[in-house]
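The values are calculated or read from the model by the stated rules, or taken from the named source; none is laboratory data. The structure displayed is predicted, hence computed values, not measured ones. Because the Cβ atoms are built from the backbone with ideal geometry, glycine has one as well, and the counts that use them run over all protein chains shown. In case anyone asks, the SASA skips ligands and DNA or RNA and just uses the protein heavy atoms, side chains included. Shrake-Rupley method; radii C 1.70, N 1.55, O 1.52, S 1.80 Å.
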Amino acid sequence: MTEKKRSDEDLDRELIELLNELRVALPGVQVLFAFLLAVPFANGWTRVTDLQRDVFFVAFLATAASSILLIAPSSYHRLRWREGDKEQMLRTSNRLAIAGTVFLAIGMTAVVFLIGDILFKGTWAAVTAAVIGGAFAWFWYGLPLVRGVASAARG
């Protein structure tokens, strides 16, 4: 009985941690999405190139997908919280949150490219977006995954 109780407490703690992490990510996603919603209505937007328009649309769709995926764990939790399957709820919510951060990284990288292309054109925009995309890949995914592999090798 004590082992089961501790496991439930661990699941509760992990779920609370996940929901708190989402509370950190969501305001940034919402601000980016609001910015992207306003951009096409700004003066001068009609002077964008086809590439800039396409990159904007990628950023817009990726940010919308990120919003969907990062908000989904809260909705999932609300709809399933009394079903007694917290471990599955936590696993599903974790996958949704990770997918949400992938789309957020894509959206933010696309916005960096778009702004870089408007300000400096082609090469600098591509280099800047590649550096930013690489930073997302390393700090958000590579570093934790490398740490996990190193821990598994030690353990």
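Taken about its Cα centre, the stretch 1-150 carries a charge dipole of about 140 debye when Lys and Arg each add +1 at the Cβ and Asp and Glu each add -1 at the Cβ. Protein heavy-atom surface of the chain, 1.4 angstrom probe: 66% of the accessible area is carbon and sulfur, with nucleic acids and ligands not counted. Here's the picture: charge each Lys and Arg Cβ at +1 and each Asp and Glu Cβ at -1 in the stretch 69-126, and of PRO73, GLY84, THR123 the one pushed furthest to the positive end of that dipole is GLY84. Solvent-accessible surface of the stretch 1-110, taken per residue with a 1.4 Å probe and all protein chains present: 65 Å².
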